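To start, the structure itself, in structure tokens.
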Amino acid sequence: MIFETMSSREAMERAVKHFKCSEEELRIEELESPSTKMVGLVKKCGKFNIEKVKSEIKEDPNNRDGHVEIIDGKLAVTDATGKDSQPSVFIKGPQMDTFLNGEKASVNTILSAQDQVSFAFEDIPAEKHLEVEFSNDKVCAYLTIERKYGKRFHLKDIPKSRKTVLEPGFDLVEPKKVSFKECISTLVDYGIKRELIDEAAVREGCEAKETVKVVAAKGKSPVAGRKTEFYYCEELRDKEILQGLEPIVRKGDLLAKKIMPAIMGYPGMNVLGEIIEVLPVEDEELIPGKGAEKRGDELYSLVDGRPFGKNGQIGVMPLLTVIGDLDKDTDDIDFDGDVVVKGNVQDNMVIRATGNVKIMGSVHHSQIFAMQNIDVEGKVVGGRLQAGDENSIFHVIVNIVEEMTIEIEKIFKGLHQVEVKDEREILEIINIGKDNLDELIKEMERSAVSMNISQLETLNELKKSILHAFLEMKLLHRLGFAELKEIYQTLKDYKNLMDEELKDIKILRVKYAKSATVNSSGDIIITGEGSYQSNLMAGRKVICEKSSSVVKGGTIIAGKQINAGVVGAPSEIATFCKVLDGEGDIKGRFYKGTTLVVKNIQKEYVAIE
């Protein structure tokens with residue numbers, strides 16, 4: 001440290017105070033001598049560098065610690081002298097075992113110069129692996145060349161120390177090179193065609209120093225065909241008649257146009273040499289339906305009306321508009337198209353339409369049958385409404401028919417399992433089956449109010465056939481069993497027919513229904529107050545849009561869901577609600593007297609007090 005003073009004595013005194021030691025422990029060096037000028041009027045301090053001298057501790061030759069050191073992988077131990085400590089080591093490393101005088105040493109070990117210390121190392125060998133993967137379509141094959149470096153262990157050098165850690169050091173061992181021939185052989189073993197292997201990519205992978213994944217082989221991807229492209233007029237997407245009641249398209253309007261023919265695709269081939277087929281694409285043509293004509297690759301409207309697409313055809317549904325009420329002063333309507341009544345439908349009128357029916361007013365004790373949708377802005381009092389064909393009842397009974405076929409299958413299965421012809425056991429199976437079928441018939445009869453004459457006749461014939469078959473079966477006559485087989489096949493045919501018919505879903509919308517029968521092959525939507533003593537039957541859903549809607553009395557049957565407001569009345573008026581689908585649900589608030597059934601299970605509810 002440099003001190004600036006006028007004398008070395010003054011510098012030493014300041015250094016003693018600074019270092020807090022004696023003068024004997026300090027060493028002084030004059031860097032610049034002090035001086036005076038102008039007869040002592042101007043003084044310049046000298047500079048002195050003073051440092052504390054480190055005291056040398058003299059070792060006692062009679063008391064020295066022992067130590068251990070490793071140089072070039074060789075262990076050397078020096079014993080302690082006198083009262084000082086022997087050297088100790090902490091052994092670290094799972095890849096190294098240390099043996100002391102022939103025994104495995106503990107983790108913490110004290111050593112002496114006489115000890116025989118040896119080491120055993122568990123080297124990690126270098127590894128190489130080949131793995132082949134395929135893309136999902138097997139058009140590409142990937143080769144992973146995995147290289148894992150090994151480790152060769154040795155004793156790590158340490159400086160001289162009384163306490164130290166023994167641990168192994170290591171040298172990396174490079175894995176052997178993977179040969180090009182080895183890679184090709186592996187790929188071929190996986191079934192990959194030799195001619196599809198990318199040799200350049202494989203060679204590049206072989207030369208890599210680290211793990212690498214290469215696209216080792218490529219097949220040919222298939223080219224999918226393209227379907228025929230069409231243009232359709234915007235009006236084809238509209239599902240309802242416009243509020244203004246004007247036709248959506250005019251005579252001569254373009255309905256659709258073929259833009260581009262279908263283009264065939266090309267098959268591909270995967271790396272295994274297998275052909276990847278493509279789905280064939282057929283060129284399609286526009287097919288005119290009613291009210292449309294084809295001119296080259298274009299379809300045009302022949303009439304004013306609503307365009308529609310059905311069963312691959314495009315046509316135009318004519319529109320009949322009635323201004324004012326429909327009553328006996330006019331006539332019943334049977335029209336091939338859409339019907340709009342700008343008023344009410346009075347008592348005892350009939351409307352039949354192959355398209356939509358829209359009533360701007362109310363319907364009184366009349367019948368409306370529409371192959372498409374029905375929309376009544378007012379009320380329906382008495383009468384019958386049917387949206388979709390009259391087979392909408394199929395939504396209700398299709399599951400019952402299926403259950404009947406299952407029940408008959410159980411009867412025949414039970415009879416086949418009777419090992420000995422035990423008459424009592426046979427009759428028990430027959431009686432149980434008959435009782436179960438009777439219950440299903442009763443369930444079907446609940447929907448009889450919504451059936452047409454033909455459907456009622458079919459139901460009655462079915463009942464008679466089942467009754468006669470079981471009478472014969474109870475007498476153990478072969479005829480009865482043969483008749484039951486015929487009934488089973490008839491029911492299966494009915495089920496298939498109904499499944500086809502139910503693909504077309506329609507919507508019936510009404511504000512309020514009183515003492516009416518309302519059927520829809522799809523949904524029934526109540527937009528206003530609700531219904532009173534009416535029979536509502538929908539293939540999918542019955543929905544009351546307002547939570548304040550009230551359903552008093554009557555029957556509601558839906559295929560999937562019932563969403564009502566308030567059901568029943570404080571007087572406990574009988575109201576029956578049923579959903580046919582076991583996964584369906586009935587929502588609402590219910591008074592006592594309401595019966596809720598989901599499939600065949602009665603549902604509990606908390607009644608309104």
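Laboratory data are not the source of any read-out in this text; all were calculated from the coordinates shown. Please read these numbers as outputs of a predicted model, since none were measured by experiment. Because the Cβ atoms are built from the backbone with ideal geometry, glycine has one as well, and the counts that use them run over all protein chains shown.
Compute the long axis of helix 478-501 from its Cα atoms, compare it with the longest principal axis of the Cα atoms of the chain, and write down the angle in degrees, 0 to 90, nearest 10.
Once rounded, the angle reads 70 degrees.
Sort Arg540, Arg9, Arg306 by Cβ crowding within 10 Å, fewest neighbours at the top.
Arg9, Arg540, Arg306
When a footprinting reagent is the concern and you count Cβ atoms within 10 Å, what order do Cys206, Cys21 take, fewest first?
Arranged by neighbour count, lowest to highest, Cys206, Cys21 become Cys21, Cys206.
Per residue and in Å³, how big is the convex hull formed by the alpha-carbon atoms of segment 392-501?
86 Å³
Return the percentage of antiparallel bridges among DSSP beta bridges fully within the chain, rounded to the nearest 5 %.
Here the share of antiparallel DSSP bridges comes out near 50 percent.
Nearest 10 degrees, 0 to 90: what angle lies between the long axis of helix 423-445 and the longest principal axis of the chain (Cα atoms)?
Compared with the principal axis, the helix lies near 80 degrees.
With r as the distance between the Cβ atoms of Ala126 and Arg589 and R0 = 60 Å, compute the FRET efficiency 1/(1 + (r/R0)^6) and round to 0.05.
Calculated value: 0.20.
Give me the aspartates and glutamates in straight-line cross-link reach of Lys193: C-alpha distance below 13 Å, same-chain residues under 8 apart excluded.
In chain and number order, the partners are Glu274.
Pick out, from Ser112, His129, Tyr142, the residue whose Cα sits farthest towards the positive end of the charge dipole of segment 61-219, with +1 on the Cβ of Lys and Arg and -1 on the Cβ of Asp and Glu.
Highest projection toward the positive end goes to Ser112.
Put a dot 7 Å past each Cα toward the Cβ at Val281 and Asp331; how far apart are the dots in nm?
Taking the two extended label points, one gets 5.2 nm.
Most exposed first by the Cβ proxy, i.e. fewest other Cβ within 10 Å, how do His365, His416 rank?
The fewest-first ordering by Cβ neighbours comes to His416, His365.
Against the longest alpha carbon principal axis of the chain, how many degrees, from 0 to 90 and to the nearest 10, is the axis of helix 453-474 turned?
80 degrees
Rounded, prolate or oblate: which one fits segment 61-219, using the alpha carbon gyration tensor with axes a ≥ b ≥ c (rounded when a/c is under 1.5, else prolate when a/b beats b/c, else oblate)?
prolate
Which of the lysines could a cross-linker span from Lys163 if the Cα-Cα distance has to be under 29 Å and same-chain partners fewer than 8 positions apart are dropped?
Lys54, Lys58, Lys74, Lys83, Lys92, Lys104, Lys151
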